[in-house]
Amino acid sequence: MTSFTYFLIALALIFSAIIAFMQYLYKVNDRTTIPKILFFLKALSLFLLLILLINPKIERTKITNEKPILSLLIDNSSSITYFQEGEHVKELINKLENNAALTNKFSIEKFSFGENLTVLDSLNFNDVNTDISRSIQELNELQKNIKAPIVLITDGNQTKGLDYSFIKSKQAIYPIVVGDTTKYEDLSISQVNVNKYSYINNKFPVEIILNYFGENNINSPIAISKNGKRLFRKNVNFSKTKRSVTLQTEFESISEGLQYYTVSIGKLNNEKNISNNSKSFSIEVINEQTKIALITSTIHPDIGALKKAIETSKQRSLEIIPIDKFKGDIKDYQLVILYQPTNQFVSLLNQLKDSESNFWLISGSKTNWNFINRNNLGISKNAINQTENFGAIFNDGFLTFLQEDINFNNLPPLTDKFGDITVLGEKQTLIYQNINGVATNQPLFTFLENNNVKKGFLLGEGIWKWRAASFLNTNSFEEFDNFIGNIVQYLASNKKRNRLEVNIESIYPSNSRIKIAAFYTDKNYRFDDRANLEIKIKNTQNQEVTTFPFSLINNSYQAEIDNLPSGDYTYDVSVSNQKIKRSGRFKVSEFQIEQQFTNANDKKLKKLASNSKGKLFYKDKADNLIEDLVQDEGYYTIQKSKKTEENLINWKWLLFIIVGLFSVEWFIRKYHGKI
């Protein structure tokens with residue numbers, strides 16, 4: 001309260017006393033205590049009433065004790081039940097959260113994880129993937145401003161994500177190891193590398209990585225089969241010093257369509273885990289090839305990056321031709337890429353127009369925009385002789401073809417001449433321009449389609465930097481190369497666009513959640529969010545048919561299917577009240593990634609604990625963990641004080657007191673005949 005408020009309160013006290021004195025004590029001959037009581041009641045009630053009118057702000061100090069947080073991070077993946085540790089995990093949780101000394105010192109918060117981190121509701125140990133690194137990082141982010149040790153209850157086996165043993169955690173981590181830590185002799189197929197596509201009548205390579213854990217010299221057969229017929233067999237030697245073998249072989253693509261293969265390795269005597277002794281893979285055999293010509297007026301790193309990305313698929317070949325040496329016929333190619341066109345491209349553009357061929361135009365600092373504007377290609381630019389860097393903004397409403405966001409917004413900017421862009425006709429923009437951090441509605445990568453003629457316009461050079469940045473971000477060129485592949489596949493195709501497109505994998509691990517996406521458009525190829533889509537899935541072994549509805553999520557229809565048994569399936573996706581349907585097939589393999597481990601990985605958990613200044617414990621030593629945490633003086637309760645201000649007028653009970661005082665005064669006066 002201010003000094004002026006104190007002055008008003010003092011004035012109110014004096015005023016109340018004077019009024020009460022004048023009414024009950026001044027020139028009053030009554031010598032009883034009644035006038036004094038009435039004086040007190042009147043003065044107090046008037047004073048409180050005036051205080052309410054002054055309405056001073058009352059300052060309060062609230063003191064709270066904050067215990068340090070202890071996070072229980074529990075593995076909810078199916079490997080826990082595979083190791084028969086489900087009940088042990090629940091017993092550990094019960095012991096920790098019901099220990100009086102621990103709960104007296106810490107505020108306990110519980111989280112579970114498989115592929116994602118969630119606040120613990122219940123444990124079912126059904127998650128089909130384990131990402132320990134992600135869960136620790138997300139928990140660190142949640143508790144970045146406090147000191148909160150983490151008790152990690154897990155078998156230490158991770159199926160995806162970064163190597164968690166190298167994580168630099170802000171919080172100390174105390175792993176409790178569950179699962180058998182005994183090392184058993186084991187043979188496993190750790191990885192099968194194969195291309196997604198192959199030409200018909202061509203050979204495709206298969207690479208198989210085999211691992212052995214044990215101390216003996218062994219010889220085991222490996223076989224690859226298709227539809228029960230063995231296509232390949234070889235004996236492989238392993239020893240204490242030779243624990244990994246990589247095999248490479250080739251198969252011929254004879255039949256068109258989706259083909260399934262199974263790799264298997266012989267099992268050892270008394271081998272505990274044989275679920276990792278076989279693995280399935282698939283390849284789609286395509287009966288077509290795509291020839292692409294890149295016609296250029298300059299030499300640029302973009303050209304090499306595009307060639308590498310395009311030719312990652314052997315169904316595509318790219319021929320690079322300087323414009324002054326191009327004498328061929330564009331009809332020999334399914335797609336022509338125009339790299340930084342100049343006046344020299346006039347004959348080529350006439351061929352493209354006359355043949356109504358698809359093309360992809362890439363502009364840059366050496367592009368002649370006046371030439372492009374004169375040729376009525378569907379796009380024009382009021383360019384000045386000055387370059388600008390254009391960042392990328394991904395359009396998640398893009399529907400021309402399926403394209404995921406590969407972190408476009410954080411890729412390096414492209415360079416082109418500065419100027420306003422005009423697109424004639426109905427465009428579909430995949431990426432918009434970002435100029436110096438300011439988002440615009442100007443296209444950076446856009447597409448036009450008219451009378452089944454497709455045109456793509458990438459308005460900037462420097463796409464080679466995107467390929468390099470994508471590799472730095474993901475340690476692979478795959479995302480960028482798939483992005484270029486999607487563009488080429490769309491622009492090189494003369495097939496009529498489908499109103500219904502389905503995105504589904506060809507093979508799924510057992511017990512995994514099957515995610516299916518579908519895109520449906522109206523007759524004008526605009527996304528239609530009013531449709532009802534469903535998928536019918538048929539098990540080819542028992543002929544059982546199950547129907548699942550699609551849900552509308554953002555700009556696609558999505559369905560998720562759990563717990564499909566292993567086997568081969570066909571599917572039909574249809575639209576209600578429409579004669580539109582897409583069909584295909586997929587396989588649910590017997591491979592369960594959470595059952596590929598023979599023992600708990602206490603070695604990595606120990607390294608994680610050491611790197612985070614924590615300590616590793618085994619499940620039978622949980623009491624030692626509790627003792628360490630309770631006795632650790634680095635975790636202590638913090639006393640915090642918080643000052644708050646409140647207006648006196650909000651004290652409703654004070655009004656009742658005032659009314660009560662006036663009422664008592666009136667009753668006494670009435671009783672003693674003073675009214």
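The values are calculated or read from the model by the stated rules, or taken from the named source; none is laboratory data. None of the values given here were measured: they were computed from a predicted structure. For neighbour counting, all protein chains shown are included, and Cβ atoms are generated from backbone atoms with ideal geometry for every residue, glycine included.
Quick notes
- Candidate set: segment 501-523, residues that are among the acidic types (Asp, Glu) and surrounded by fewer than 15 Cβ atoms within 10 Å (Cβ to Cβ); chosen: the one farthest from Phe591 (Cα to Cα): Asp522
- One residue from Ile93, Ile51 being surrounded by 15 or more Cβ atoms within 10 Å (Cβ to Cβ) and out of contact with any helix residue (DSSP H, G or I) (no Cβ under 9 Å at 6 or more places or on another chain): Ile93
- Selection count where residues are in a loop (DSSP other than H, G, I, E, B) and modelled with pLDDT of 90 or more, scope segment 513-523: 0
- Answer from Ile283, Ile254, Ile274, Ile265 - the residue that is of a type in the set (A, V, I, L, M, F, W, C), more than 30 Å from Lys327 (Cα to Cα) and touching a helix residue (DSSP H, G or I) at 6+ places or on another chain (Cβ under 6 Å): Ile265
- Within segment 17-26, the set of residues being within 22 Å of Lys670 (Cβ to Cβ) and either among the basic types (Lys, Arg) or assigned to a helix (DSSP H, G or I) (or both) comprises Ile19, Ala20, Phe21, Met22, Gln23, Tyr24.
- Filter pass, Ser275 being polar (S, T, N, Q) and under 30 Å from Thr415 (Cα atoms): no
- Which listed residue is surrounded by fewer than 17 Cβ atoms within 10 Å (Cβ to Cβ) and either in the same structural domain as Phe662 (by TED's automatic domain parsing) or out of contact with any helix residue (DSSP H, G or I) (no Cβ under 9 Å at 6 or more places or on another chain) (or both), from Leu25, Leu41: Leu25
- Residues that are hydroxyl-bearing (Ser, Thr, Tyr) and closer than 22 Å to Glu252 by Cα within segment 204-241 comprise just one, Ser225.
- Among the strands (runs of 3 or more DSSP E) confined to segment 301-387, the ones with at least 2 residues that are more than 39 Å from the chain's Cα centre (by Cα) and at pLDDT 90 or above are located at 316-322.
- From the list Ser297, Ser313, the lone residue that is touching a residue at least 60 places away in the same chain (Cβ under 8 Å) and over 18 Å from Asp481 (Cα atoms) is Ser297.
- Thr422 fulfils the conditions (1) surrounded by 14 or more Cβ atoms within 10 Å (Cβ to Cβ); (2) assigned to a strand (DSSP E or B); (3) modelled with pLDDT of 90 or more; (4) over 25 Å from the mean Cα position of the chain (by Cα) except for a single criterion, (1).
- Within segment 97-118, tally of residues that are more than 21 Å from Thr159 (Cα to Cα) and in contact with a strand residue (DSSP E or B) (Cβ under 6 Å, 6 or more places away or on another chain): 6
- Residues being under 25 Å from Ser107 (Cβ atoms), within 22 Å of the chain's Cα centre (by Cα) and either among the hydrophobic types (A, V, I, L, M, F, W, C) or part of a strand (DSSP E or B) (or both) - total across segment 143-181: 1
- Of the residues making up segment 596-615, those that are part of a helix (DSSP H, G or I) and surrounded by 20 or more Cβ atoms within 10 Å (Cβ to Cβ) are Leu605, Leu608, Ala609.
- Total residues in segment 533-568 satisfying the condition of being in a strand (DSSP E or B) and not hydrophobic (A, V, I, L, M, F, W, C): the figure is 14.
- For segment 524-532, the condition holds for no residue, the condition being that it is of a type in the set (S, T, N, Q), modelled with pLDDT of 90 or more, in a strand (DSSP E or B) and surrounded by fewer than 18 Cβ atoms within 10 Å (Cβ to Cβ).
- Test: residue in segment 580-588 that is outside any strand (DSSP E or B), within 29 Å of the chain's Cα centre (by Cα) and within 12 Å of Val502 (Cα to Cα): no
- Whichever residue in segment 628-659 is among the aromatic types (Phe, Trp, Tyr) and outside any helix (DSSP H, G or I) and, among such residues, is farthest from Ala43 (Cα to Cα): Tyr635
- Where a residue in segment 250-276 is touching a residue at least 40 places away in the same chain (Cβ under 8 Å) and over 22 Å from Val588 (Cβ atoms) and its partner, wherever it lies, is crowded, with 16+ Cβ neighbours inside 10 Å and among the hydroxyl-bearing types (Ser, Thr, Tyr), with Cβ under 7 Å and at least six apart: Ser253/Ser198; Ser253/Tyr199; Gly266/Ser220; Lys272/Thr598
- Residue count for segment 269-278, restricted to those that are at pLDDT 90 or above and surrounded by 19 or more Cβ atoms within 10 Å (Cβ to Cβ): 1.
- Some residue of segment 432-443 being under 16 Å from Leu402 (Cα atoms), touching a strand residue (DSSP E or B) at 6+ places or on another chain (Cβ under 9 Å) and in a strand (DSSP E or B): no
- Failed condition for Ser135, given (1) touching a Lys or Arg at 6+ places or on another chain (Cβ under 8 Å); (2) over 30 Å from Val263 (Cβ atoms): (1)
- Among the candidates Leu48, Leu52, Leu13, Leu41, the residue that is modelled with pLDDT under 85 and under 30 Å from Leu661 (Cβ atoms) is uniquely Leu52.
- Scan of segment 543-580 for residues that are of a type in the set (A, V, I, L, M, F, W, C) and closer than 24 Å to Leu402 by Cα, ordered by number: Phe548, Phe550, Leu552, Ile553, Ala559, Ile561, Val573, Val575, Ile580
- Checking each residue in segment 182-201 for being touching a strand residue (DSSP E or B) at 6+ places or on another chain (Cβ under 6 Å), more than 23 Å from Asn601 (Cβ to Cβ) and in a strand (DSSP E or B) picks out Asn193, Val194, Tyr197, Ser198.
- Residue pairs meeting the criteria (Cβ under 6 Å; at least 6 apart or on separate chains; first acidic (Asp, Glu), in segment 577-596; second surrounded by fewer than 18 Cβ atoms within 10 Å (Cβ to Cβ)): Glu590/Ser566
- Looking across segment 167-217, the residues that are within 30 Å of Lys615 (Cβ to Cβ) and hydroxyl-bearing (Ser, Thr, Tyr) come down to Ser169, Tyr174, Thr181, Thr182, Tyr184.
- Check on Phe550, at negative phi, touching a residue at least 60 places away in the same chain (Cβ under 8 Å) and buried (at least 17 other Cβ atoms within 10 Å of the Cβ): no
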